[in-house]
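The structure appears right after this line, and notes come after that.
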Amino acid sequence: MVATNVSKSYGAGEFTKQVVQNCSFTIESGKLTVMIGPSGCGKSTLIRLLAGFERASSGTITIGGKPVTGPGLDRMVVFQESALFPWMSTYDNIMFGPRARGEDTPEMRSFAELLLQKVGLDGFRRKYPSQLSGGMQRRAELARSMINKPDVMILDEPFRGLDAMTKRLMQEYYANLYEEFRRTTFFVTTDIDEAIYLADRILIMTNIPTQVRTVIDVDLPRPRHIEDITENDAANAIKMKALGLLHEEAMKSFAGGSKAAADFIDAYSRRMVKG
Amino acid sequence: MVAAARAISGKLTGFVAGDDFWRGVVAIAAFLIFWEAGSRSHAWFGFSFPWVSQVPAPTAVLQAMFRLVQEPSFWNSTFLSTLRVFEGFFAAMLIGIPLGLAMAVSRTFFGISFPVFEVLRPIPPLAWVPASIIFWPTQELSIAFVTFLGAFFTIVINVIGGARAIDVRYFQAARSMGSSTWDIFRRIILPGTLPSIVVGATVGVGITWAVVVAAEMISGGGSAGSMGGAAGGGLGFFIWNSYVGGSYTQIVAGMISIGIAGYASSAALRKIGNLMTPWLSEN
Ligand SMILES: Nc1ncnc2c1ncn2[C@@H]1O[C@H](COP(=O)(O)OP(=O)(O)O)[C@@H](O)[C@H]1O
Ligand SMILES: [Mg+2]
């Protein structure tokens, strides 16, 4: 999947808000590409463009060489907040896609069973989303997307808002799922540790209007373990580099175009460095 | 399930044994005593309380109810009103739900129908009584029509509101998983609107009771009433007839019957509604 010179703005006239500007990147097939950038820089906007829910103001997005013109079965999006259907049980949620396409077949049902086990929800198949914990809901949603075997999985901060323990568990579940199926994945996060643990490639984004600032390859061996990552020198080097860049971008957002604020932050960070 | 049952029984015990329960008991008892004393104030205290002394005492009303429940004509009245309520109510559901869904789904249809709807909606159902007596061939139909109006607007408004409030992400998710328009309608819009339909129906049936009683009073009790059957014209006509005949205990007994019938209808609908929307209750 390739984005070329993609721009997106909202509103018109003097109220125009440029959110994405001249943004280009590639989601390489069979790899897990993580996008990381400051909050509010335009990541979710990019996701809506990739998913085809909205159209770019300019630039092109292609999947397998064909331009994206709307939502399609080749891409599957997992949202920031759970979008499980509240009126369906876990199992019915997972089987939603196959049934929508008239594929309620024995193969699909056994794939659903496999996924239920993989995400640890075997005992919760009859529960409604409101009866599941936040982490379980995300897992159910992962399974609901995976069953459609999309060419590209798109995940928008899927573990945001979970407590630290649950989040870590989710990351492990997710890494297992990914390593088992190796589906091309685009994963958006604001958490650098999560990015390094999961990614094959990391796209570091600039502040709004966003574009890719740097691409970092993460060639740590798989399967990975969270404990190893914290002690791995290569991983730590990537983390330092990424944090430095992200810090710069975050500073821009505080300054927000005000010279006085920028000077203040500059002076302040200098004093911090001196000690 | 066990946990749910325990939670419910816990709530119930909590309620029965709790302060709220006893407050309620004391309040109702105090109300009844005040009412009894007020009605009998002339006999008991030698002077009449204003207003309450005109109202029959609860014990007298209870006696009247005892007599009434043994009379087939009372049950006939109750049955007639109930029938009208449900005719009107089901007609309102049958027409209101598809109409509301169509208005929520189609921008064009909404644009055409909503202005008309909004002009008609504020007209109180009872203002329709004379017109509907003129336009409908039988009294029975005109009462049912007015009853229908009572529930109709509430149901339509709730359906539109409910369907509109469905999170856009559900549509996006369904569409990206390959749902057709019909599939989205059947598996997203319909269940997504169901809770609002239940609310509209529960509120609507209450309005229906209010309307049917007044319509029966105004129109003279429908077919049975116009044939001269004193107690065959529904509960509204029964109350009116009791008033004309000067039987004040029966008036109050009739009022209480309507209260009970209205409560029972709403409770039954809530129950059915809960069964139809299990994802809202099972926690
Ligand atoms: N539909 C929209 N209309 C106007 N502004 C929008 C819209 N969607 C997003 N934005 C703006 O775009 C910016 C980036 O939003 P978003 O893509 O959600 O950021 P992120 O996901 O990186 O936190 C925000 O400042 C937001 O106000
Ligand atoms: Mg976002």
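Looking at chain A only, what percent of DSSP beta bridges run antiparallel? Nearest 5 please.
Looking only at bridges with both residues in chain A, the antiparallel portion is about 45 percent.
Listed highest first by mean packing, meaning other Cβ atoms within 10 Å per residue, what order do B:245-258, B:32-45, A:116-129 come in?
Those peptides, ordered most packed to least, come out B:245-258, A:116-129, B:32-45.
Using only the alpha-carbon atoms, how far is helix B:107-120 inclined from the longest principal axis of chain B? Give it as 0 to 90 degrees, nearest 10.
20
With runs of 4+ DSSP H residues as the only contributors, calculate the mean residue ellipticity of chain B at 222 nm using -39,500 (n - 2.57) per run, divided by the residue total and rounded to the nearest 500.
-26000 deg cm²/dmol
With all pairs of different alpha carbon atoms counted, what Kirkwood hydrodynamic radius in Å does region B:58-281 show?
19.0
Mind ordering A:1-12, A:215-226 by average Cβ neighbours within 10 Å, highest first?
A:1-12, A:215-226
Given a cut-off of under 8 Å on Cα pairs at least six residues apart, what relative contact order in percent is computed for region B:110-205?
For region B:110-205, the relative contact order is 31 percent.
Compute the helix-to-body angle for A:106-118: its Cα long axis versus the longest principal axis of chain A, expressed 0 to 90° and rounded to tens.
Approximately 50 degrees, to the nearest 10.
Measure off 7 Å from each Cα along the Cα-to-Cβ vector at B:Gln70 and A:Glu54, then give the distance between these two points in nanometres to one decimal.
7.6
Need one value for A:97-107: mean number of C-beta atoms belonging to other chains within 10 Å of its residues' C-beta atoms.
That works out to 3 on average.
Can you say what percent of the DSSP beta bridges in the protein assembly as shown, counting only those with both residues inside, are antiparallel? Round to 5.
45
Within a Cβ distance under 12 Å of A:Asp74, other residues only, what is the Lys/Arg minus Asp/Glu net charge?
Neighbourhood net charge equals +3.
Under the classification rounded if a/c is under 1.5, otherwise prolate if a/b is larger than b/c and oblate if not, where does the protein assembly as shown fall, given a ≥ b ≥ c as square roots of the Cα gyration tensor eigenvalues?
Cα axes put the protein assembly as shown in the prolate bin.
Count, for each residue of A:127-134, the Cβ atoms from other chains sitting within 10 Å of its Cβ, then give me the mean as a whole number.
2
Given the pairs A:Lys43/A:Lys241; A:Lys149/B:Lys271; A:Lys167/A:Lys252, which are separated by over 32 angstrom at their Cα positions?
In this structure, A:Lys149/B:Lys271 lie more than 32 Å apart at Cα.
Nearest 500 deg cm²/dmol is fine: what mean residue ellipticity at 222 nm does chain A get from its DSSP H runs of n ≥ 4 alone, each adding -39,500 (n - 2.57), divided by its residue count?
Result for chain A: -13000 deg cm²/dmol, rounded to the nearest 500.
Given contacts defined as C-alpha pairs under 8 Å and at least six residues apart, what's the relative contact order of chain B, whole-number percent?
Value for chain B: 21 percent.
Is there a quick way to get the dipole size of the protein assembly as shown? I mean about its Cα centre, with the Cβ of Lys and Arg at +1 and of Asp and Glu at -1; what is the value in debye to the nearest 20?
Using only the charged Cβ atoms, the result is roughly 400 debye.
Below 8 Å between Cα atoms, with a sequence gap of 6+, how large is the relative contact order for chain A in percent?
Normalised by residue count, the contact order of chain A is 24 percent.
When you look at the Cβ of every residue in B:200-207, what mean number of other chain Cβ atoms sits within 10 Å?
Average per residue, whole number: 0.
Could you state the number of Å between the C-alpha centres of region B:233-283 and region B:45-111?
5
Taking chain B as the reference, fit the longest principal axis to its C-alpha atoms, fit the long axis of helix B:234-244 to the helix C-alpha atoms, and give the angle between the two in degrees, 0 to 90, nearest 10.
Roughly 30 degrees, rounded to the nearest 10.
Stretched out fully, how many nm does the piece from B:Tyr263 to B:Thr59 gain, at 0.36 nm a residue minus the Cα gap?
Length difference between fully extended and current span is 71.2 nm.
Computed from the coordinates by the stated procedures, all read-outs in this text should not be read as laboratory data. None of the values given here were measured: they were computed from a predicted structure. As a convention, Cβ positions derive from the backbone with ideal geometry for all residues, glycine included, and neighbour counts pool all protein chains shown.
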